[in-house]
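*Asks:* So that we are looking at the same thing, I have put the structure below in structure tokens.
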Amino acid sequence: MPEVLTSWIGAPRPAEAWLWIGAWLLAFEVFKRAFWRFALISMAGTVLHEAAHFLVGLCVGAGPRSFEIWPKRSAKGWTLGSVDFVRLNWINAAPAALAPLLLLPVGLFSLDAWIVPAVERGLHGRAAFFGWIAASCLCSFWPSPQDWSLCRGSLAAWILGAAVLITLSLAI
């Protein structure tokens, strides 16, 4: 395992920092039973998830044309948000569709950058807020089934998959 990763995993952190993230993750799970409450509490994650699609799509030339974050009923249930693209192709489909994966390191970064310092200074409201942001990132980083279907068949998806496998094999 790379030294940077092992040093991050082994770094001491106050238990309260982890408790804020855990409390929010539990709240997300409890509120899943009441859709509108869940949509409200998970709004930060929805905005971050869709913003990742939009910004990466903009960077790779996929031409994002709409940014929706208000929940809508669809044939398969509810859709919390969406981004439509006008120039999606085999080169830019994977980066645009898999962009929310970038939220995982953001959520983990927020632990050390914002939550731990807030806890150490006794700023519990700030720790709770950043715990919500971190939990939102951790709950919304995984691409949706529609995201995965957009990048299926994309050469970039195969390249990205190979890079992940190589990285994981080097880390072990």
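What follows is calculated from the coordinates using simple rules that are stated; it is not laboratory data. Because the structure is predicted, anything quoted here is derived from the model rather than measured. Here the Cβ positions follow ideal geometry from the backbone for every residue, glycine too, while neighbour counts run over all protein chains shown.
*Asks:* Whose amide H sits under 5 Å from the amide H of Leu98, counting only residues 5 or more places off or on another chain, with H placed in the peptide plane?
*Replies:* none
*Asks:* Could you check the simple spin-label distance between Phe67 and Leu168, using points 7 Å along Cα→Cβ, in nm with one decimal?
*Replies:* 3.2 nm
*Asks:* Another question about this same structure. Please report Rg (one decimal) and Dmax (integer) in Å for the Cα set of the chain.
*Replies:* Cα only, the chain: 17.6, 50 Å (Rg, Dmax).
*Asks:* For the Cα atoms of the chain, what angle does the longest principal axis make with the long axis of helix 15-31, in degrees from 0 to 90, nearest 10?
*Replies:* Between the helix axis and the principal axis of the chain, the angle is about 50 degrees.
*Asks:* Quick one: Karplus J couplings for region 112-123, per residue in order, coefficients 6.51, -1.76, 1.60, θ = phi - 60°, nearest Hz, x for Gly and Pro?
*Replies:* Listing the rounded values in order: 7, 7, 10, 6, 4, x, 5, 5, 5, 8, x, 8 Hz.
*Asks:* Once you put a point 7 Å from the Cα of Cys59 and another 7 Å from the Cα of Ile91, both along the Cβ direction, what distance in nm separates them?
*Replies:* Between Cys59 and Ile91, the simple spin-label model gives 1.7 nm.
*Asks:* Quick one: dipole size for the chain, taken about the Cα centre, charges +1 on Lys/Arg Cβ and -1 on Asp/Glu Cβ, in debye to the nearest 20.
*Replies:* 540 debye
*Asks:* Taking θ = phi - 60°, what integer Hz values does the Karplus form 6.51 cos²θ - 1.76 cosθ + 1.60 yield along region 139-144, in sequence order, with x for Gly and Pro?
*Replies:* 7, 10, 6, 7, x, 6
*Asks:* Spelling out what I want: for every residue of region 37-54, take phi, set θ = phi - 60°, compute 6.51 cos²θ - 1.76 cosθ + 1.60 (Karplus), and round to whole Hz; glycine and proline get x.
*Replies:* 5, 5, 4, 5, 5, 9, 4, 4, x, 5, 4, 5, 4, 6, 5, 4, 4, 4
*Asks:* Then there is this: Enter the angle in degrees (range 0 to 90, nearest 10) between the Cα long axis of helix 155-171 and the first principal axis of the Cα atoms of the chain, meaning the one along which they spread out most.
*Replies:* For 155-171 against the chain, the angle is about 30 degrees.
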